[in-house]
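Notes follow once the structure below has been shown.
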Amino acid sequence: MTMRIDVISAVPDSLTSPLNTSILKRAQDRKKVEIYVHNLRDYAYDKHKQIDDKPFGGGPGMLLKPEPFFECIEKLLDQRKYDHIIFPTPGGRFYDQKLANKFSLANNIMIIAGHYKGIDDRVRQKFATDEISIGNYVLTGGEIAALVIIDSVVRLIPGVLNDSESALNDSLMDGDIIEAPYYTRPAVYRGMEVPEVLRSGNEKKLRRGKKSSRKF
């Protein structure tokens, strides 16, 4: 079954190039995933297509209005059931490989991307099933966080990567285990040598030397 990912965005053009490049493009070409980006302005029905307004209580910045989100999300929910409706937010659960693995098993995922100062909180209250933070810093928009989530999830779908075992052996797939540094030929370059364990041919030693533990 092909995974479907829907992203709702106030600036959909910011997603166009990354979603149509490299592994994400190949995954779509292979029918492993379908990714749809919905322009929030298509669901603003006033004559100016307004999607933002000043926040109650004052303060700088503009908030995305609730009406376009409700219109778009309810339309999508009328068409299919979503396993996860993801809301990227600094106050959410830290995103990690365990969550990426979980999301990769879904059939349908929706991501609500904020922009400007944020989104009217009634959107989160009504629809979000998973509130996710990719780190303690501020981004221009939720589109960047959406791309991080999409990339980390899609590469786990069987058949997306050319090497079927590549994703299974990635760093962090086994708790906090980080892959050791990689080397290729030449064995010696400008006086710097590839570690002997990687050149020894001893398969047991090689496996022990390939991974290390790192605490965050």
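Hey, could you check region 85-112 for residues that are under 12 Å from the mean Cα position of the chain (by Cα) and part of a loop (DSSP other than H, G, I, E, B) and say which is farthest from P12 (Cα to Cα)? Walk me through how you get there before you give the answer.
Restricting attention to region 85-112, the residues satisfying the condition of being under 12 Å from the mean Cα position of the chain (by Cα) are 86-88, 95-97, 99-101, 103-104, 109-112.
Pick out the ones that are also part of a loop (DSSP other than H, G, I, E, B) and you get 95-96.
On the way: Y95: 23, D96: 25 Å.
The qualifying residue farthest from P12 (Cα to Cα) is D96.
Yes or no, residue by residue, for (1) in contact with a helix residue (DSSP H, G or I) (Cβ under 8 Å, 6 or more places away or on another chain); (2) under 19 Å from A106 (Cβ atoms); (3) in a strand (DSSP E or B):
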| position | (1), (2), (3) |
| --- | --- |
| V7 | yes, yes, yes |
| K25 | yes, no, no |
| Y36 | no, yes, yes |
| Q50 | no, no, no |
| P55 | no, no, no |
| E74 | no, no, no |
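Using the structure shown, decide if N101 is closer than 19 Å to I5 by Cβ, out of contact with any strand residue (DSSP E or B) (no Cβ under 6 Å at 6 or more places or on another chain) and either of a type in the set (V, I, T) or surrounded by fewer than 17 Cβ atoms within 10 Å (Cβ to Cβ) (or both).
Values: closer than 19 Å to I5 by Cβ: yes; out of contact with any strand residue (DSSP E or B) (no Cβ under 6 Å at 6 or more places or on another chain): yes; either of a type in the set (V, I, T) or surrounded by fewer than 17 Cβ atoms within 10 Å (Cβ to Cβ) (or both): yes.
It is true that N101 is closer than 19 Å to I5 by Cβ, out of contact with any strand residue (DSSP E or B) (no Cβ under 6 Å at 6 or more places or on another chain) and either of a type in the set (V, I, T) or surrounded by fewer than 17 Cβ atoms within 10 Å (Cβ to Cβ) (or both).
Within the bounds of region 159-180, is there any residue that is touching a Phe, Trp or Tyr at 6+ places or on another chain (Cβ under 8 Å), of a type outside the set (F, W, Y) and at pLDDT 60 or above?
Taking region 159-180 first, the residues touching a Phe, Trp or Tyr at 6+ places or on another chain (Cβ under 8 Å) are 176.
Going one step further and asking which of them are of a type outside the set (F, W, Y), we end up with 176.
Okay, now just the ones that are also at pLDDT 60 or above, so 176.
Scanning region 159-180 turns up at least one residue that is touching a Phe, Trp or Tyr at 6+ places or on another chain (Cβ under 8 Å), of a type outside the set (F, W, Y) and at pLDDT 60 or above.
Within the set of pairs 6 or more residues apart or between chains, which connect a residue that is more than 30 Å from D96 (Cα to Cα) inside region 177-203 to a residue that is assigned to a loop (DSSP other than H, G, I, E, B) and of a type in the set (S, T, Y) with Cβ atoms less than 7 Å apart?
Close Cβ pairs (under 7 Å, with a partner that is assigned to a loop (DSSP other than H, G, I, E, B) and of a type in the set (S, T, Y)) amount to V194/Y183.
Does T140 satisfy being over 18 Å from R4 (Cα atoms), modelled with pLDDT under 95, polar (S, T, N, Q) and surrounded by 13 or more Cβ atoms within 10 Å (Cβ to Cβ)? Give the derivation first.
Working: over 18 Å from R4 (Cα atoms): yes; modelled with pLDDT under 95: yes; polar (S, T, N, Q): yes; surrounded by 13 or more Cβ atoms within 10 Å (Cβ to Cβ): no.
So T140 fails the test.
For region 51-70, indicate whether the set of residues that are of a type in the set (F, W, Y), touching a residue at least 40 places away in the same chain (Cβ under 8 Å), touching an Asp or Glu at 6+ places or on another chain (Cβ under 8 Å) and over 18 Å from I5 (Cβ atoms) is non-empty.
no
Filter region 1-31 down to the residues that are charged (D, E, K, R) and under 16 Å from I149 (Cβ atoms), then identify the one that is surrounded by the fewest Cβ atoms within 10 Å (Cβ to Cβ). Before you say what the answer is, go through the steps one by one.
If we filter region 1-31 for residues that are charged (D, E, K, R), which is where we start, we get 4, 6, 13, 25-26, 29-31.
Now drop any that are not under 16 Å from I149 (Cβ atoms), which leaves 4, 6.
Working: R4: 17, D6: 21.
My answer is R4.
The values are calculated or read from the model by the stated rules, or taken from the named source; none is laboratory data. These figures come from a predicted structure and were not determined experimentally. Note that we place each Cβ from the backbone using ideal geometry, even for glycine, and neighbour counts take in every protein chain shown.
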